[in-house]
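Here is the structure we will look at, set down as structure tokens.
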Amino acid sequence: MMSIFQSSQLQALGPQIYLIFFVLVLFEGSAITFLAGMAAASGLLNPVPIYVLAVLGNTTTDWFWYGLGYLGKVEWLAGNGPARKVWRRLGGDLTLGQIERIQDRMREHAPRVLLIAKLTAGFAIASLIATGLVKVSPRRWVPPVLFAEAIRSGVLVFLGYHMTRSLAQIEAGLGWLLLVGFLIMLGYISWYVRHAAMKWLNG
């Protein structure tokens, strides 16, 4: 595994690698942040700027989804046009009635919903779009999102960094088994929290 990150071509990029990392985070934050943590374990990257850039990059993306909702209309999500197709791909295939109920909940509980959504990485995009649709003030949603992102990015960098170091010290087969087991457990916890949150949102 360590050999993946020991490329002389990658090392030759120098400080530019951090700019590339920031751009990649905008499109695939979690996976890229985890891989960057693994690269930091090999000494190729510094985990501190990786962490800071991950938080900034993911928060920038959150602003995009919020703005998309802010400029949009609820009716677009309940129709049969391209907006509905995009919404379904983001995990938000809901009826107009369900969307309206979620809007009511978001007006009242947006900070709590976004905090849970960001930490579970399950329906964060749909929640951010809904937050924009109901015109929730950034003063209400930015602090919990930033707080959750700081925790989530820190966990991803920490896991990538320390798992790589641990896997290098123990037998490869056992290391991968532990990693898969941990990811399965994490996925189950994330699914359970998302399921409970969506049940609460839908009343």
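Some notes on this structure:
- Radius 9 Å from Cβ of Val134, net charge of other residues (Lys, Arg +1; Asp, Glu -1): +1
- Summarising the label geometry, the points placed 7 Å from Cα in the beta-carbon direction at Val52 and Asp104 lie 4.6 nm from one another.
- Fewest neighbouring Cβ atoms within 10 Å first, the residues Arg112, Arg139 line up as Arg139, Arg112.
FYI, it's all coordinate maths here, none of it is from the lab. Model, not experiment: these values are computed from the prediction. Every residue, glycine among them, receives a Cβ derived from its backbone with ideal geometry; neighbour counts consider all protein chains shown.
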